[in-house]
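One structure is given here, and the rest of the page talks about it.
The values are calculated or read from the model by the stated rules, or taken from the named source; none is laboratory data. None of these values were measured; they are calculated from a predicted model. For neighbour counting, all protein chains shown are included, and Cβ atoms are generated from backbone atoms with ideal geometry for every residue, glycine included. Just so you know, the surface numbers come from the protein's heavy atoms only, side chains and all, with ligands and any DNA or RNA stripped out. Shrake-Rupley method; radii C 1.70, N 1.55, O 1.52, S 1.80 Å.
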Amino acid sequence: MRALAVSERDLKRFMRNPFVIIASIFMPLMYLVIMGNSFQGELKHLPVLLVNQDSGPYSRRVVELLQALEDGPRTLEITRENDQKKAVDMVRDGFYKGVIIIPPDFSKNVVKNVEPQVGLLLDNTDSISAGSISGVVSRAMAYLKADYLAVRPDRATPQLRSIELYKKIDYDASLVPGIIVMAIFMGTTFTGAFSLVMDKFLGIHESYLSTPLTRFDLVAGTIMSGVLITTIMSIIVMIGGLMITGIKLAGGIGTLVLLLVTMVLTALGLLSMIFTVLGRADHPRIVGVLVGFLNVIFYFPSGAVYPIESLPNWLRAFAKVNPEAYAVHAFKELILKGSGFTAIRGDLMFFVAFIAFMLCLATLTFKRTM
Amino acid sequence: MAYAAEVKNIVKKFQSVTAVNDVSFSVNEGEIFGFLGPNGAGKTTLIRILTCLMKPTSGQASIRGIDVVKHPSLVRRNIGVVSQALTSDLDLTAYENLNIYGKYFDVPKKERKESIDYLLGKVDLKDRAKDLVATYSGGMRRRLEIARGLIHKPYILFLDEPTIGLDPQSRRVIWELLQKIRKETGLTIFITTHYMDEADVLCDRIGIIDYGKIVALDSPANLKRTIGGFDIIEVTLGNFGPEGMEKLKAMPFVKSVTEKDESLRIYVEDAAKSMPVLFEEFKKTGVIIEYLAIHEQTLEDVFIHYTGKTIREAETQKVNFFIGAGAPRRMPGARI
Ligand SMILES: Nc1ncnc2c1ncn2[C@@H]1O[C@H](COP(=O)(O)OP(=O)(O)OP(=O)(O)O)[C@@H](O)[C@H]1O
Ligand SMILES: [Mg+2]
């Protein structure tokens, strides 16, 4: 079969130049290590200034509570400063993430019970740190309130308790399904259509366009070799990811088979989609631009790093047709929960339809002439 | 008998350029047919149309009587192509290159193996068969690609400037190779070149193509004969005016005179006999001979006769044109 010969050529060439494959295995794993450690749970060591202008007893209590935050979860790193103006300047100049100001009348207001207030000035350009500081300081204030208002149970601050449905999953472990999808995406960008783009760019395609190879032979042949390379890559990345995060696969052989099926279908889906997009490209730079763009628009709204449920409506709608979202969902079910076929049936059905549609489109739009 | 290839009024236009302009000719079965022309003459474009890589803007072409536009897949089974650019896979060995190419043509395994052995022997690459093509020289790669073009035993082989960039020794090897294959198998060969000697040595018939048009078509011997005169005296003269020119042209043994820059090309039947008479005449009229050369008619002269310039000049013009306003669109396979 001629398409097999196309695959054979492609595979041989990759085997002789394994660098790109090795790099594409290494990169998602690096990403896992870096992302997993950068965003580990809550933020830590945020530098803030404390300006205490009150000498009363309640301000001491506030300082104690803040110090507890510094010593306990290490969210804050507090430096004292007496000059309020200087403190504000230092935040503006970026040396600190915020200033906490206890005004002179604070203790008095607590005693009089007329809404005692603590001033909080934040560097809003770093919204993540700002949100975190504002959160921990309000919580500390709530404790203060609780201290004095404990007698009024109706005003008791509600407590938040998260319930873990599955065994505790660390943030970097929950990234594993995402990096498998990332590895598949990377694999599909330098195999498949890209092989043909490079041939065109180098002028080598002339050699096989004058042979009886049909459009289908070329499309199917390059996609087949792409699926093989990409699936092997994603298996290695999955094993690496599991080793780094220390997760054990929950399911048995059945889960492994389903994992393999999901990998193959994801690779096929992405390869045929990229083939449709790149079928007419003749310069690797076009590929670079398009692939970078596709990576962002498919990866971030896929649930790999941020839950789809929390996305705005229009992005949630996009996620419904985003193949990576289905892949991430399926991998999460299989790897993190050890679910069975029923949990991912919808994902697989989506892929079957998506692949059929994209393969037709790819074959139709592929230009076989020079 | 059907022609091996038949071309009728083929025109190919790219945006503003007419690369092939109303070309008609036919190639006989078993002959080596050559197209001679400078860079940009339209040789590659013509081959691409005949090998179904491009559709003509108008006109018809057929291979073995099969229309190239209507039945491209049938035509592809009958042709072997060695394109101008080197297109073998560097990451594969010679053997793998041939083997995979054979599979593209559905050549059965046993036959493929025999073919590869035979062809690698023919192109003298047998002992390098297991080496990556990346380690090959340009000439070796070209020989491999000729073998590749023959793996499915085509009816006609197209070669687009197969010896471009090769040293004289390697060029001769390829000429001998093609002649030997033709003799053994009766293969029809269609070749383009911008080397005069190549066209002269190799081809049974030659079409001279310039600016997309065929300006002459015949066997090398006939082409040389038809432009008349057998020897050329090339001279640069001092103290020589229009009157002298009139007189020169009127001399009985002078076939024709063409002017080129500072020098004259005087076409005569026999240089040895005419020279003394010429010298006498120049002496009498006080003309000074500053430079003199004699040569026998070559295809170069045929080319000059039909296009009014040497093939090298034609190429320089082309290059100047490229350097001039507006870079040309990137042309796949334009360079080697
Ligand atoms: N794909 C293309 N797009 C636009 N113009 C083209 C294209 N291919 C060829 N041409 C133009 O057609 C003309 C003929 O080009 P062609 O490559 O056929 O010449 P050639 O005789 O093979 O020259 P060379 O000896 O340099 O290979 C040139 O003017 C060239 O610029
Ligand atoms: Mg050419």
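The figures follow:
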| item | result |
| --- | --- |
| Partner chain coverage, peptide A:206-219 - average Cβ within 10 angstrom | 6 |
| With DNA, RNA and ligands ignored, accessible area of B:Val201 (1.4 Å probe; Å², nearest 10) | 80 |
| Region A:20-108: GluC sites (Glu not before Pro) in DSSP loop, at most 12 other beta carbons within 10 Å | A:Glu42 |
| Debye, to nearest 20: dipole size of chain A, +1 on Lys, Arg Cβ, -1 on Asp, Glu Cβ | 700 |
| Shielding score for A:194-204, defined as the mean number of other chain Cβ atoms within 10 Å | 3 |
| Residue-normalised accessible area of region B:25-103, expressed per residue, 1.4 Å probe, Å² | 29 |
| Region B:241-292, accessible surface, carbon-and-sulfur percent (1.4 angstrom probe) | 54 |
| Rounded accessible area of A:Ser310 (nearest 10 Å², 1.4 Å probe) | 70 |
| 1.4 Å probe accessible area per residue over region B:228-296, in Å² | 61 |
| Percent of beta bridges antiparallel (DSSP, chain B, rounded to nearest 5) | 70 |
| Antiparallel DSSP beta bridges within the protein assembly as shown, as percent of all bridges there, nearest 5 | 60 |
| Heavy-atom accessible area order for A:Met35, A:Met15, A:Met27, largest first, 1.4 Å probe | A:Met15, A:Met27, A:Met35 |
| Heavy atoms of B:Glu269 accessible to a 1.4 Å probe, total area in Å² rounded to 10 | 100 |
| Exercise: per-residue mean of other protein chain Cβ atoms within 10 Å, B:100-107 | 6 |
| For region B:1-137, average projected area of the Cα convex hull in nm² | 10.2 |
| DSSP-defined beta bridges in chain A - what % are antiparallel, rounded to 5 | 30 |
| Estimated Rh, chain B: Kirkwood, alpha-carbon pairs, angstrom | 22.1 |
| Reachable lysines, given that their alpha-carbon falls under 22 Å from the alpha-carbon of B:Lys13 and they are not under 8 places away in the same chain | A:Lys200, A:Lys367, B:Lys43, B:Lys55, B:Lys70, B:Lys213, B:Lys318 |
| Convex hull volume of region A:211-269 per residue (C-alpha atoms, cubic angstrom) | 80 |
| 10 °C / 1.306 mPa s Stokes-Einstein diffusion coefficient of the protein assembly as shown, Kirkwood radius on C-alpha pairs, µm²/s | 49 |
| Global size of region B:200-308 as Cα Rg and Dmax, reported in angstrom | 15.4, 47 |
| Whole-number D in µm²/s for chain A (Stokes-Einstein; Kirkwood sum over Cα pairs; 20 °C, 1.002 mPa s) | 88 |
| Between B and A, accessible area buried - total, square angstrom, nearest 100, 1.4 angstrom probe | 2500 |
| Accessible surface, 1.4 Å probe, highest first, among residues A:Ile22, B:Ile214 | A:Ile22, B:Ile214 |
| Cα→Cβ-extended label distance, 7 Å offset, between B:Glu262 and B:Ser26, nm | 5.1 |
| Per residue accessible area in Å² of region A:46-141, where ligands, DNA and RNA are left out and the probe is 1.4 Å | 54 |
| For region A:46-141, convex hull of alpha carbons as volume per residue, Å³ | 85 |
